[in-house]
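Below is one structure, written out as C-alpha cells; comments come after it.
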Amino acid sequence: MLFDRKHDLNNRLRSARAEVAIMIQCTYELAVVHAQKIVRRYLARCRLDSIRQAKDEFARFCAALEIQRLARGKLAKNLLIELRQQRDCFMATKIQSIARMRQAVWERKRLWGLYFLQLQHQKATVIQSLARTYAAKMKRRRL
C-alpha cells in the first residue's frame with residue numbers, strides 16, 4: 001500500500017511537473033511575445049525620428065519635382081505660344097505677299113490693257129493722220 005501510494009504520488013508529481021512546465025512554457029511564450037512587442041515598440045520609437053525625417057525629405061523631393069514639372073510645363077506652353085505667334089506672323093506675311101503679288105499681276109494686266117488700248121488708239125490716229133495726209137496730197141495733185 002505504501003508502495004502504491006508512493007507510486008501514485010510520483011505519478012501526480014510528474015503530472016503536476018508536466019502541467020507546471022506547460023504553464024511555465026506558456027508564460028514564457030507570452031513573456032517572449034510581450035518582450036518582443038516592447039522591443040519592437042522601442043526600436044520603432046528610435047526609428048521614428050529618422051522615419052519622420054525621411055518622410056519630410058521625400059515630401060520636399062516630391063514638392064521639388066512638382067514645382068519643376070509645373071515650371072517646365074509653363075515654359076513649354078510659353079514656347080508653344082511664341083512659336084504659334086511666329087507661325088501666324090509668318091503666315092500673315094505669306095498671305096500678304098501672295099495678295100500683293102496677285103494685286104500686282106492684276107494691276108500689270110490692267111495697265112497693259114490700257115497701254116495696249118492707248119497704243120491701238122495711237123496707231124489708229126497715226127493711220128488716220130497718214131490717210132488724211134495722203135488724201136490731201138492726192139487732192140492737191142488733182143487740183
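Summary of values
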| read-out | value |
| --- | --- |
| Computed over the stretch 67-143, Kirkwood Rh from alpha-carbon pairs, angstrom | 18.6 Å |
| Degrees separating the helix 2-142 axis from the principal Cα axis of the chain, which is the longest one | 0 degrees |
| Fraction of accessible area attributable to carbon and sulfur, the stretch 22-87 (%, probe 1.4 Å) | 64 percent |
| The chain: mean projected area of Cα convex hull, nm² | 20.6 nm² |
| Charge dipole (the chain, unit charges on Cβ, about Cα centre) - positive-most of Gln96, Gln68, His7 | Gln96 |
| The chain, helix-only ellipticity at 222 nm - DSSP H runs n ≥ 4, -39,500 (n - 2.57), divided by all residues, nearest 500 | -38000 deg cm²/dmol |
| Inter-site label distance for Arg141 and Cys62 at 7 Å from Cα along Cβ, in nm | 11.6 nm |
| Cα→Cβ-extended label distance, 7 Å offset, between Thr27 and Cys89, nm | 9.2 nm |
| Average accessible surface area per residue within the chain, 1.4 Å rolling probe, Å² | 99 Å² |
| Förster radius 41 Å - calculated FRET efficiency between Glu107 and Leu130, Cβ distance, rounded to 0.05 | 0.75 |
| In Å, descending, principal axis extents of the Cα set of the stretch 35-82 | 68, 12, 5 |
| Given charges at beta-carbon only (K, R positive; D, E negative), |dipole| of the chain in Debye | 2560 debye |
| Hits among lysines - C-alpha to C-alpha of Lys37 under 27 Å, sequence gap 8 or more where chains match | Lys55 |
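The values are calculated or read from the model by the stated rules, or taken from the named source; none is laboratory data. Keep in mind it's a predicted model, so treat the numbers as computed, not measured. Cβ coordinates were reconstructed from backbone atoms using ideal geometry, including for glycine residues, and neighbour counts include every protein chain displayed. Heads up: the accessible areas ignore ligands, DNA and RNA and are worked out on the full protein's heavy atoms, side chains in. Shrake-Rupley method; radii C 1.70, N 1.55, O 1.52, S 1.80 Å.
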